[in-house]
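Participant: Below is the structure I would like to discuss, written out as structure tokens.
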Amino acid sequence: MHLLAGPGRAWNWAVRKILAVWVRPSVKPERAGESLAASNRPVCYVLERDSQTDLAVLNEVCGRLGLPRPTRRLLIGGKRVPAAYFALERRVGAFRARLDRRPPRLLVELMSAVRDQPGFDVVMVPLAIYWGRSAHREASWWQLPFTENWTIAGRLRRAATIVVNGRNTLLRFGDPVSLRECMHAAADGAAAPRRVARALRATLRAQRVSTIGPDLSHRRTIVARVLATRAVRVAVRAEMRARSLSRRAGLLAAKKCADEIAANYSQSFVSFMSLALGWLWNRLYDGVEFHNAEVLGGIGEGAELIYVPCHRSHMDYLLLSYVIYHRGFAIPHVAAGVNLNMPIVGRFLRKGGAFFMRRSFKGDALYSTVFRKYLALMMARGHPLEYFVEGGRSRTGRLLPPRTGMLSMTVQSYMRDPRRPVVFVPVYIGYERIVEGRTYLGELSGRPKQKETVLGLLKAVPALRQRFGSVHVSLGDPIELDDLLRAHDALWREEAAGSEDPRCDWLGAAIADLARRIAVGINAAAAVTPINLVATALLATPRLAMAETDLAAQLDLYLGLLREAPYGGRVSLPPQDGAQMVRYAEDFAMIERRTHPLGDIMSMSPGRAVLATYYRNNVLHLFAMPSLLACCFISNASMRTEDIQRLVWRIYPYVAAELYLRFTEEEIGARTEALLEALARLGLLASNADHSEWHRPPPTTVEAMRLSTLAAATIQTVERYYLAIALLLRAGSGTIGQQALEERCHLAAQRIALLHGLDSPEFFDKALFRNFVDLLRRRAVLQTTADGKLTYGEALLAVAADAQLVLSEQIRHSILQVTLG
């Protein structure tokens, strides 16, 4: 029957049947068909290129999803056309060697019908099929040469691609668009079909960019475009005058800077590395978990994505790109420190999309200009970017204060050319065991940082034989740059229009606000693991040990708090209960069991305890407020609600600034009430009838012990604050500068750690004292004289009194003993 319909239709029918057996495409977005299936308007599919194999795959997927098939007849103005699709690029000529980009005939007919019939409209669905690019599926080594790229494949290569990658294919639907709305945007006239076709072609190109990345195959072309910009030419002339160089020498200096910076992206290399990294992760980790992936699907096509992860390990570069690639999105260009531009390694990183930057741009205006223009070009071309706002890897497990250099360059690049929306995606990365753990401990103890070398990498290979547990990559809520800028100046677009250097009075505050939001967003997407919770519990005990049943109950308490009063919707929790987490940590060799007739004891060695502070600090922010409330009852059997609220309001800003907590000072009252209610439901607190006063459990109960253990999570933070204030009060107002105070705080905290067995290098970390003093100054609790001395008034005494309220008498005496000694 099909043969009688003509050779062409018979061939198409045969192709569809053969491909239906072999090809198993995945579909993105996963619920793409819901809106189309419910539409009462005609649907027309828009393909990238004229391909019978692509059409056959689309036809099969539409049948599977219950969508209108592209091969059905479409009714237009009382007549039927033989198909409901068209391709924007078609090969024509005797050997199909010429590319025809004229508006497709069906598009012209549809536009004519819409123009003639006011009540008629068509839903157009741009889509593309990517062979060898299926989400959630890894290709094998022999499939790599046939994965999707920007090269137009011939018939033989396309046939080989289908055979090799038929089971590893992605069909990606774009957002449905109204043809009538497109015609309205394109205006009327003979050129309208070309404008609509151009808009559809741009949509499909943006979709391809977000799936496999933009066409960056010609590195020389990119470098040439950077060097041709007006700003670089001006910088070259300034360099020529400053160093008495010839024009050729100046251009060569600029080219040297560009070559040092630029990536050399290779899609084939990325495909190869996806397999190599899959093998490596399977050997190193028990699993790589990707949380909140739906965030990416909710960001519109054509947006410039900038991933801003926390920086815990050198593995971060590879892990984030790996999970993004295997979700069917384009991997980002990664800003890497020039210290990683080592022989061989640097070349491979460039092919994977890394571009290199120096630690400092000071003293080299030419390099700074070239780097800024390279970054702007990458943004203009739509390639996702990735950089670490902390600047370097965290040695303590806490987020480091953001450095705003890259953020400033990104914001200014966007303000110069705001055509493509910029969206920042905070990313939390959490490890159960970090590869560089021992190195970090040495650096915190004063050992100098080791320079990255190829030999150093080879020496680290034997350490990879350990068990590293699971690793978690979690996406936070996206931050739209345009919304943030409008919050600071609603007319910023008009003010920055056409400006080569769009600086304004409010820009510094906007960039600082962006940096804070990113840090808060990273912490708000934390992925909690059993290792985090076990470390939090045992580090709160004097001898790093608990009875097995008590430890399991404490872990259940932590989970209960996170469920009863959630920190945020992006936080992910472990599936295990307390007892299962204890066994997991024991199998992981983090803790050891000591058998006893009255019940086994789970303990942690002092050596492991130092490193465990790193994993506790990863999630410390989640328990900061509950722990602070528990601290209120260390020395107080009961407290009035108004006193609790006042104390939290006084101390919270400093804890929030140190741990990048998500709640604003206006939200603290409601958050405190919610946490007090949660603690009551968990049996740790009780209140009177009108909730005006709260009581802790009797001291001899297990609930009192759990409340005390919860309080220990932040008690060292409050101790640091009290120590700094005590030293400042002892010195007197106007007698000591900030640098001298920081040094005294560092030495005093170090002495307390030695006297009381606090083997935790972060307790006497100078940076934490520096940040605390800086915040006291920003909040006008401290002032600075003309000669740099710190002065204070009643506000500091109030902070000291509230900090003293939550500390036990023994702790206060030990601190005063050190400050007076």
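Participant: Among the helices (runs of 4 or more DSSP H) confined wholly to region 468-540, which include 2 or more residues that are over 18 Å from Val411 (Cβ atoms)?
Facilitator: It comes to 507-523, 530-538.
Participant: Given the residues Ala740, Ala713, Ala726, which is the only one that is outside any loop (DSSP other than H, G, I, E, B), at pLDDT below 90 and more than 21 Å from Met625 (Cβ to Cβ)?
Facilitator: Ala726
Participant: Still on this structure, I have one more. Take the residues in region 407-418 that are open to solvent by less than 20 Å² (accessible area, probe 1.4 Å) and in contact (Cβ under 8 Å) with a residue 60 or more places away in the chain, then tell me which one is farthest from the chain's Cα centre (by Cα).
Facilitator: Met415
Participant: Inside region 541-565, can you point out the residues that are assigned to a strand (DSSP E or B) and touching an Asp or Glu at 6+ places or on another chain (Cβ under 8 Å)?
Facilitator: Hit for region 541-565 is Ala547, nothing else.
Participant: With the checklist (1) at negative phi; (2) under 24 Å from the mean Cα position of the chain (by Cα) in hand, flag the one item Asp364 doesn't pass.
Facilitator: (2)
Participant: Could I ask something else about it? Quick check on Arg327: is it among the basic types (Lys, Arg), in a loop (DSSP other than H, G, I, E, B) and at pLDDT 90 or above? Even if it seems obvious, please write down each step before you answer.
Facilitator: On the way: among the basic types (Lys, Arg): yes; in a loop (DSSP other than H, G, I, E, B): yes; at pLDDT 90 or above: no.
Here the answer is no, as Arg327 does not meet what is asked.
Participant: Now for a different question. Could you check Val610 against (1) open to solvent by 10 Å² or more (accessible area, probe 1.4 Å); (2) out of contact with any strand residue (DSSP E or B) (no Cβ under 8 Å at 6 or more places or on another chain); (3) more than 18 Å from Arg395 (Cα to Cα) and say which number it fails?
Facilitator: (3)
Every residue, every condition in (1) in contact with a strand residue (DSSP E or B) (Cβ under 7 Å, 6 or more places away or on another chain); (2) aromatic (Phe, Trp, Tyr); (3) surrounded by 19 or more Cβ atoms within 10 Å (Cβ to Cβ); (4) at pLDDT 80 or above, yes or no:
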position	(1), (2), (3), (4)
Thr161	yes, no, yes, no
Phe173	yes, yes, yes, yes
Pro193	no, no, yes, yes
Val196	no, no, yes, yes
Arg201	yes, no, no, yes
Asp215	no, no, no, no
Arg237	no, no, no, yes
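Participant: Report whether or not Asn282 is under 14 Å from the mean Cα position of the chain (by Cα) and either at pLDDT 90 or above or more than 24 Å from Asn264 (Cβ to Cβ) (or both).
Facilitator: When the stated conditions are applied, Asn282 does not pass them.
Participant: Oh, and also: Scan region 213-226 and tell me whether some residue there is without any contact (Cβ under 8 Å) to a residue 24 or more places away in the chain and among the β-branched types (Val, Ile, Thr). Break it down stepwise before answering.
Facilitator: Start the filter on region 213-226 by keeping residues that are without any contact (Cβ under 8 Å) to a residue 24 or more places away in the chain, which leaves 218, 220-221, 224.
With among the β-branched types (Val, Ile, Thr) added as a condition, the list becomes 221.
Yes, the conditions are met somewhere in region 213-226.
Participant: Might you let me know whether region 308-323 holds any residue that is open to solvent by less than 50 Å² (accessible area, probe 1.4 Å), of a type in the set (Ser, Thr, Tyr) and either in contact with a Pro (Cβ under 7 Å, 6 or more places away or on another chain) or closer than 26 Å to Thr203 by Cα (or both)?
Facilitator: yes
Participant: Applying the selection to region 392-408, what residues are under 21 Å from Leu620 (Cα atoms) and of a type outside the set (A, V, I, L, M, F, W, C)? Before you say what the answer is, go through the steps one by one.
Facilitator: So in region 392-408, the residues under 21 Å from Leu620 (Cα atoms) come out as 392-402.
Listed by number, the residues that qualify are Gly392, Arg393, Ser394, Arg395, Thr396, Gly397, Arg398, Pro401, Pro402.
Participant: Tally up the residues in region 653-702 that are open to solvent by less than 60 Å² (accessible area, probe 1.4 Å) and either in contact with a Ser or Thr (Cβ under 7 Å, 6 or more places away or on another chain) or of a type outside the set (A, V, I, L, M, F, W, C) (or both), please.
Facilitator: Final tally of qualifying residues: 17.
Participant: Moving on. Only residues that are modelled with pLDDT under 85, closer than 26 Å to Ile76 by Cβ and not charged (D, E, K, R): list them for region 25-53, please.
Facilitator: Once the filter is applied, which keeps residues that are modelled with pLDDT under 85, closer than 26 Å to Ile76 by Cβ and not charged (D, E, K, R), region 25-53 yields Ala32, Gly33, Ser35, Leu36, Ala37, Ala38, Ser39, Asn40, Ser51, Gln52.
Participant: Oh, and also: Determine if region 269-292 includes at least one residue that is over 30 Å from Ser470 (Cβ atoms), open to solvent by 20 Å² or more (accessible area, probe 1.4 Å) and touching a helix residue (DSSP H, G or I) at 6+ places or on another chain (Cβ under 7 Å).
Facilitator: no
Participant: For the list (1) out of contact with any helix residue (DSSP H, G or I) (no Cβ under 9 Å at 6 or more places or on another chain); (2) in a helix (DSSP H, G or I); (3) not charged (D, E, K, R), I need the number of the one condition that Met625 fails.
Facilitator: (1)
Participant: For region 59-85, which positions are in contact (Cβ under 8 Å) with a residue 40 or more places away in the chain, assigned to a helix (DSSP H, G or I) and of a type in the set (A, V, I, L, M, F, W, C)?
Facilitator: Passing the criteria: only Val61.
Participant: Please tell me if Ala704 is in contact with a Pro (Cβ under 6 Å, 6 or more places away or on another chain), more than 21 Å from Ala524 (Cβ to Cβ) and not hydroxyl-bearing (Ser, Thr, Tyr).
Facilitator: So Ala704 passes the test.
Participant: A further question follows. Of the residues Leu375, Leu366, only one is open to solvent by less than 10 Å² (accessible area, probe 1.4 Å), out of contact with any strand residue (DSSP E or B) (no Cβ under 7 Å at 6 or more places or on another chain), closer than 17 Å to Val389 by Cβ and outside any loop (DSSP other than H, G, I, E, B); which?
Facilitator: Leu375
Participant: Any residue at all in region 247-263 that's open to solvent by 20 Å² or more (accessible area, probe 1.4 Å), assigned to a helix (DSSP H, G or I) and among the β-branched types (Val, Ile, Thr)?
Facilitator: Checked against the condition, which is being open to solvent by 20 Å² or more (accessible area, probe 1.4 Å), assigned to a helix (DSSP H, G or I) and among the β-branched types (Val, Ile, Thr), region 247-263 yields no hits at all.
Participant: Just name the residue that is least open to solvent (accessible area, probe 1.4 Å) out of those in region 23-66 that are over 17 Å from Tyr85 (Cα atoms) and of a type in the set (D, E, K, R).
Facilitator: Ranking the candidates gives Lys28 first.
Participant: Okay, moving on. Using beta carbons and a limit of 7 Å, which pairs, at least six apart or on different chains, have the first residue in region 690-707 and farther than 20 Å from Pro626 by Cβ and the second one open to solvent by less than 50 Å² (accessible area, probe 1.4 Å)?
Facilitator: Listed by first residue and then by second, the contacts come to Ser692/Thr641; Pro698/Ala704.
Participant: Could you pull out the residue among Arg133, Arg91 that is part of a loop (DSSP other than H, G, I, E, B) and modelled with pLDDT under 85?
Facilitator: Exactly one of Arg133, Arg91 is part of a loop (DSSP other than H, G, I, E, B) and modelled with pLDDT under 85, namely Arg133.
Participant: Condition first: farther than 26 Å from Val425 by Cβ and surrounded by 12 or more Cβ atoms within 10 Å (Cβ to Cβ). Now tell me which residues in region 505-540 satisfy that. Full working, then the answer.
Facilitator: Initially, region 505-540 is screened for residues farther than 26 Å from Val425 by Cβ, giving 505, 530, 533-540.
Listed by number, the residues that qualify are Pro530, Leu533, Val534, Ala535, Thr536, Ala537, Leu538, Leu539, Ala540.
The values are calculated or read from the model by the stated rules, or taken from the named source; none is laboratory data. The shown structure was predicted, so the numbers you read here are calculated from the model rather than taken from an experiment. Cβ: placed from backbone, ideal geometry, glycine included. Neighbour counts: every protein chain shown. Surface areas here come from the heavy atoms of the whole protein model, side chains and all, with no ligands, DNA or RNA. Shrake-Rupley method; radii C 1.70, N 1.55, O 1.52, S 1.80 Å.
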